[in-house]
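Okay, structure first, notes after.
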Amino acid sequence: MTAKPASGTLYGIQYLRALAALAVVAFHAAERTGYAFAIGAAGVDVFFVISGFIMWVIVKRRPVSPGRFLLDRIRRIVPVYWLATGVMVAGALAGLFPNLVLTAGHVAASLAFVPARSPSSGEIWPVLVQGWTLNYEMFFYLVFAACLALPQRLRLPGMAGLFGMLVVLGLLVESDAPLFLVYTRPIILEFVAGMLIARLWLDNQVPGRPLAFALVGLGLAGFAAIGVLRLPFDEWTCGPLACALVYGTAALEKHRGIPRLALPVMLGDASYSIYLWHTFAISVTAKAGTLLGMPPALAFILSICAGLALGLVAYRLIERPLLRAGKEGWFIRRSAKAAS
């Protein structure tokens, strides 16, 4: 078994994607079944650091124009998200989600990745609540694409400078505007941290194996301590822990690599679909558990399993075919014209 195949797959990063997806699934399953697993929400912090890491590595290995980069990201992110959002809208119209209030403006903002307050709760959430992270992802992609027009030596400083100024602005200025509140949160610095880790990794500036293992252990132990002790947490605490996990794992890839394990690789591949679709299965399973009088522990475990299962099915039957169609069908031809 080769640790690092010709394709250049970083199995350790795939395992972290799987772990982050599982944490988010467990977080939502706990919410619906009466458990406390708030730290599972920190899977988002790991996703954001990984996103910065992967984007930097991809562009360094295969330079692309800003337009092509954005088109690739749109093809990867948008179709599945729009479909999942469409299911939410259809379900609400059919009366399946009685607490979901729909307005044309909020649905449009959700589809356009524009932060807006939900008429259902007043929170800055899209129709598909977990899509709030995609508002950050798409913002990051837009800024990253713009920075691709800069000389290579200025790209990382440019991103860091802009995101740093936005965070400082958020600390100094009070505003209730959704766009301001979202894009001045310190969580955006996690993308920059991931890019910095990728730059160090590509330049072979990584710690040795003992320190790499220590970083991974520190990240996992930190998250575990927050969860077990039920400590307060935010991006200021979870961001550094996520960085330790990603940097340590990336360093281990440099030292004889990390072997391929089929199940976590599969979960890592399907992590985006798992993230988008798991709440549908959790809602049904948790409701069934209540109606059937299941012990909460059993309902919790079954909800996690159902969320993962639906995500895997969606990956096989929806995400992969859509990606294949995007590469081979009408979308890529239109994209090529737009990018030319």
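The values are calculated or read from the model by the stated rules, or taken from the named source; none is laboratory data. No experiment lies behind these values; they were computed from the predicted model shown. In this analysis, Cβ positions are derived from the backbone assuming ideal geometry, glycine residues included, and neighbour counts consider all displayed protein chains. The protein model used for the area step is the full one, side chains on, heavy atoms only, and it has no ligands, DNA or RNA in it. Shrake-Rupley method; radii C 1.70, N 1.55, O 1.52, S 1.80 Å.
Structure above, values below:
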| quantity | calculated |
| --- | --- |
| Anisotropy class of region 133-187 from Cα gyration tensor, a/c 1.5 cut | oblate |
| Region 156-200-region 10-83 distance, computed between alpha-carbon centres (Å) | 18 Å |
| Kirkwood-based Rg to Rh ratio, the chain, C-alpha trace | 0.95 |
| Of the trypsin sites (Lys or Arg not before Pro) in region 254-307, those whose Cβ has at most 14 other Cβ within 10 Å and which sit in DSSP loop | Arg256 |
| Cut-off 20 Å (backbone N to label point 7 Å along Cα→Cβ of Lys287), residues of region 112-152 | 120-121, 127-131 |
| Whole-Hz couplings from phi, Karplus 6.51/-1.76/1.60, listed for region 94-101; x for Gly and Pro | 7, x, 7, 10, x, 8, 8, 9 |
| Met138 accessible area, assembled protein chains, probe 1.4 Å, Å² | 30 Å² |
| Region 159-203 shape via C-alpha gyration tensor axes, a/c threshold 1.5 | prolate |
| Distance (nanometres) between label positions extended 7 Å along Cα→Cβ at Met165 and Ser121 | 3.3 nm |
| FRET efficiency, 1/(1 + (r/R0)^6) with R0 56 Å, evaluated for Ala297 and Leu172 via beta carbons | 0.75 |
| FRET efficiency, Val64 to Ala38 (Cβ-Cβ, R0 51 Å, nearest 0.05) | 0.85 |
| Phi-based couplings in Hz for region 20-31 (Karplus 6.51, -1.76, 1.60; Gly and Pro marked x) | 5, 5, 4, 4, 5, 4, 5, 4, 6, 5, 5, 4 |
| Selected from Ala262, Ala104, Ala38 as most flexible by GNM, with the chain as the system and alpha-carbon contacts under 10 Å | Ala104 |
| Listed residues Thr184, Thr290, Thr237 arranged by accessible area, highest first, probe 1.4 Å | Thr290, Thr237, Thr184 |
| Overall form of region 188-340 per C-alpha gyration tensor (a/c, 1.5; a/b vs b/c) | oblate |
| Inter-label distance for Ala214 and Leu317, nm, one decimal - labels placed 7 Å from Cα along Cα-to-Cβ | 4.9 nm |
| Neighbour count of at most 15 Cβ within 10 Å plus DSSP loop: longest GluC sites (Glu not before Pro)-free window in the chain | 175-340 |
| Residue-span extension gain [Leu181 to Val228] - 0.36 nm each, minus C-alpha spacing | 13.9 nm |
